[in-house]
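These notes concern the structure reproduced below.
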Amino acid sequence: MLEKLLPKKIDNQYKGLAIAKLIFVAVAMISIGRSLAHIFLPDGGAQSVATIPLELYNGSASKVIVGMFAQWGLTQLMLGIMFVLVIWRYQSLIPLMWLVIFFEYVGRLLLGLYKPFETSGTAPGTIGNFIFPVLSIIMLILSLQDPK
């Protein structure tokens, strides 16, 4: 099992169940889509997606929040590009990527509880923070299974 999670040889041979690879492709596309939204939406998605009431803050504070969302979008884009590279060229790393996704979303969930911010609704990311840790553990287990 450890050999599948941390392969000695990194190649394009995926050895897990197909469903874990298929859902990983979907997660990669979601990662790229959300990153582009944070980078290119005028409000960085802070209000239009995350429902942060930017109108309650002065102009400078709102600009900081929007800028932070855009920078976060860049980080998400880099992770999404890494996912695409794994799909295209290094599929033996798909189990490890599921572990990365697990830690990202558990971290987001815990940080959101530790340092919450005011919103006027429930953002899609908030819901994802509860779904993706469970999904990623299931997909990690399936990606480590022998398809035979």
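The values are calculated or read from the model by the stated rules, or taken from the named source; none is laboratory data. These numbers come from a predicted model, not from an experiment. Here the Cβ is made from the backbone with ideal geometry for all residues, glycine too, and neighbour counts use every protein chain on show. Each accessible area value is taken on the protein alone, full model and side chains, heavy atoms only, with ligands, DNA and RNA left out. Shrake-Rupley method; radii C 1.70, N 1.55, O 1.52, S 1.80 Å.
Some points to look at:
- With respect to (1) among the hydrophobic types (A, V, I, L, M, F, W, C); (2) under 24 Å from residue 139 (Cα atoms); (3) open to solvent by less than 80 Å² (accessible area, probe 1.4 Å), the lone exception for residue 103 is condition (3).
- All conditions in (1) outside any loop (DSSP other than H, G, I, E, B); (2) touching a residue at least 24 places away in the same chain (Cβ under 8 Å); (3) of a type in the set (Val, Ile, Thr) hold for residue 51, with the sole exception of (1).
- Candidates are the residues of the range 11-29 that are out of contact with any Lys or Arg (no Cβ under 9 Å at 6 or more places or on another chain) and open to solvent by 90 Å² or more (accessible area, probe 1.4 Å); the one that is farthest from residue 102 (Cα to Cα) is 13.
- Residue check, residue 75 at pLDDT below 95 and either open to solvent by 20 Å² or more (accessible area, probe 1.4 Å) or among the hydroxyl-bearing types (Ser, Thr, Tyr) (or both): no
- Total residues in the range 8-59, condition under 25 Å from residue 122 (Cα atoms) and among the acidic types (Asp, Glu): 2
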